[in-house]
1. Is there any pair with a first residue in region 56-83 that is surrounded by fewer than 13 Cβ atoms within 10 Å (Cβ to Cβ) and a second that is at pLDDT below 95 whose Cβ atoms are under 6 Å apart and which are 6 or more apart or on different chains, and what are they?
2. Taking the options Glu10, Glu29, name whichever one is buried (at least 16 other Cβ atoms within 10 Å of the Cβ), over 22 Å from Val125 (Cα atoms) and of a type in the set (Asp, Glu).
3. Scan Gly32, Gly52 and give me the residue that is on the phi > 0 side of the Ramachandran plot, outside any strand (DSSP E or B) and of a type outside the set (Val, Ile, Thr).
4. Restricting the search to region 58-77, which residues are in contact with a His (Cβ under 9 Å, 6 or more places away or on another chain) and farther than 17 Å from Asn22 by Cβ?
5. When Leu94 is evaluated against the numbered criteria (1) surrounded by 14 or more Cβ atoms within 10 Å (Cβ to Cβ); (2) part of a helix (DSSP H, G or I), which criterion, by number, is the only one it fails?
6. Here are Ala74, Ala49, Ala60, Ala69: which of them is touching a Pro at 6+ places or on another chain (Cβ under 7 Å) and either more than 13 Å from Ser27 (Cα to Cα) or aliphatic (A, V, I, L, M) (or both)?
7. Could you list, ordered by first residue, the pairs with Cβ atoms under 8 Å in which the first is in region 14-33 and touching a residue at least 12 places away in the same chain (Cβ under 8 Å) and the second is part of a helix (DSSP H, G or I) and of a type in the set (Ser, Thr, Tyr), at least 6 apart or interchain?
Amino acid sequence: MTSESFTDSESRATEAILRCFNDVFMSHEPAGLADLVAENCVIENTEPAPDGSRHEGKEACIALWTRIATLPTAHFELEGIIARGDRGEIRWRLVWGEDRATQSVRGVNLMRVRNGRIVEAQGYVKAS
């Protein structure tokens, strides 16, 4: 057990933000990002391998997530959301074709929420 302490209400609030964030990707409607992303948000994205890319600030983060959320030939499948205090994880599968075995990848976003907004996100995918 870590020395971090958190409350159930903080965990529930974080989970609610992460569910709203996930809904953006499930619906392909990125307009909701403006209310979810903090001015000082930082993303460490999954691409390019091996270290990904870093995006800083609300505008840059919204631009990246908008591109991902509006991919015309792909969709996300939610595998789970867990929140612990101000931190949470979203497990997902990105599918871009009819054959899930060869045209999909599983991944996770590790996120931090502060004052009702996403301030940090790190994306990881399972590699072959």
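The values are calculated or read from the model by the stated rules, or taken from the named source; none is laboratory data. Everything numeric here is computed off the predicted structure, so don't read it as measured data. Neighbour counts are summed over all protein chains in view; Cβ atoms, including those assigned to glycine, are modelled from backbone coordinates with ideal geometry.
1. Thr73/Trp96
2. On the way: Glu29 fails: buried (at least 16 other Cβ atoms within 10 Å of the Cβ).
Step by step, each of Glu10, Glu29 is checked, and only Glu10 is buried (at least 16 other Cβ atoms within 10 Å of the Cβ), over 22 Å from Val125 (Cα atoms) and of a type in the set (Asp, Glu).
3. Numbers: Gly32 fails: on the phi > 0 side of the Ramachandran plot.
Selected residue: Gly52, the only one of Gly32, Gly52 that is on the phi > 0 side of the Ramachandran plot, outside any strand (DSSP E or B) and of a type outside the set (Val, Ile, Thr).
4. Correct list: Ala63, Pro72.
5. Answer for Leu94: the failing condition is (2).
6. Ala69
7. Listed by first residue and then by second, the contacts come to Pro30/Thr66; Leu33/Thr66.
So that you can scan it fast, the table gives a plain yes or no per residue for (1) touching a Phe, Trp or Tyr at 6+ places or on another chain (Cβ under 7 Å); (2) basic (Lys, Arg):
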| site | (1), (2) |
| --- | --- |
| Leu33 | yes, no |
| Gly52 | no, no |
| Ile81 | no, no |
| Glu89 | no, no |
| Leu94 | yes, no |
| Arg112 | no, yes |
